[in-house]
Amino acid sequence: MSMSMSKQNVLVFALLMFAMLLPPIQSLKLKAGNWGKTFQKKNQEKETNLQFYFHDTLSGKNPSAVKIAEPLDKTKSYATQFGNIFMADDPLTETYDPKSKLVGRAQGIYALSCQQEIGLLMSLSYSFVDGPYNGSTFTLVGKNSAINPVREMSIVGGTGLFRMARGYAIAKTHWLDITTGDAIVGYNVTLIH
């Protein structure tokens, strides 16, 4: 028993010696009610502004978004389509014309998440396939109040040239077919990365 205590004491001594070699941890003095502190780092952040059109097509032989789930009781959600969930692989183009130059794709999921309005919860990755942004992505997550003529959504990350991106997207409906749900939406995006 004394042998195991001896090994334990040696281990404790070694850990204490190791801890003494580490630099001291600076404690933060936070004011009451604060739960964090932001430190400014010396870095060279970039700002990128993008403008493109998003084509969400639910109709026809080759839709770019398909319904993957819906509520069991559809009578309670008819007006706002609450509970419907869609998977999307929507083209992003240079102009509102669907035949204009393809610059990327918006891929992910969106759900009709509001009972009192037509509102979507969007989680989409915008992947670019053209120009200097080829291979780069950013991720948009947030509420899209689709009936509002202009709405703002959050950019919460990115890859490639947009690694660690944050920012916002301003979306404006350019065209909407209320019978099919097909839409063309203009995007103005500001990214800090």
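Which ones in region 63-77 are more than 17 Å from Thr93 (Cα to Cα) and either in contact (Cβ under 8 Å) with a residue 12 or more places away in the chain or under 28 Å from the mean Cα position of the chain (by Cα) (or both)?
Restricting attention to region 63-77, the residues satisfying the condition of being more than 17 Å from Thr93 (Cα to Cα) are 66-77.
Once the filter is applied, which keeps residues that are more than 17 Å from Thr93 (Cα to Cα) and either in contact (Cβ under 8 Å) with a residue 12 or more places away in the chain or under 28 Å from the mean Cα position of the chain (by Cα) (or both), region 63-77 yields Val66, Lys67, Ile68, Ala69, Glu70, Pro71, Ser77.
Which of the numbered conditions does Gln107 fail, given that it passes all the others? Conditions: (1) more than 26 Å from Gln44 (Cα to Cα); (2) modelled with pLDDT of 95 or more; (3) assigned to a loop (DSSP other than H, G, I, E, B).
Evaluating Gln107 over (1) more than 26 Å from Gln44 (Cα to Cα); (2) modelled with pLDDT of 95 or more; (3) assigned to a loop (DSSP other than H, G, I, E, B) leaves (3) as the failure.
Of all residues in region 145-162 being of a type outside the set (Ser, Thr, Tyr) and within 12 Å of the chain's Cα centre (by Cα), which is surrounded by the fewest Cβ atoms within 10 Å (Cβ to Cβ)?
Of region 145-162, the ones of a type outside the set (Ser, Thr, Tyr) are 146-153, 155-158, 160-162.
Subset that is within 12 Å of the chain's Cα centre (by Cα): 153, 155-158.
Working: Met153: 21, Ile155: 22, Val156: 14, Gly157: 16, Gly158: 21.
Ranking the candidates gives Val156 first.
When region 80-104 is examined, which residues are found to be of a type in the set (Phe, Trp, Tyr), free of Cβ contacts under 8 Å to residues at least 40 places away in the same chain and part of a loop (DSSP other than H, G, I, E, B)?
Residues of region 80-104 that are of a type in the set (Phe, Trp, Tyr), as a first pass: 82, 86, 96.
Now narrow it down to the ones that are free of Cβ contacts under 8 Å to residues at least 40 places away in the same chain: 82, 86.
The answer is Phe82, and nothing else.
Which fully enclosed strands (runs of 3 or more DSSP E) of region 115-176 have 3 or more residues being among the basic types (Lys, Arg), within 17 Å of Leu92 (Cβ to Cβ) and in contact with a Cys (Cβ under 9 Å, 6 or more places away or on another chain)? Quick ask: steps written out before the conclusion?
On the way: elements: 120-128, 137-144, 150-159, 166-176.
Correct list: empty, since no element meets the threshold.
For the condition under 16 Å from Ala171 (Cβ atoms), buried (at least 19 other Cβ atoms within 10 Å of the Cβ) and either of a type in the set (A, V, I, L, M) or at pLDDT below 95 (or both), what is the one hit in Leu121, Leu50?
Values: Leu121 fails: buried (at least 19 other Cβ atoms within 10 Å of the Cβ).
From the options Leu121, Leu50, the qualifying one is Leu50.
The values are calculated or read from the model by the stated rules, or taken from the named source; none is laboratory data. Note that this is a predicted model, so its numbers are computed, not measured. Cβ sites come from the backbone with ideal geometry, for glycine too, and all protein chains shown count toward neighbours.
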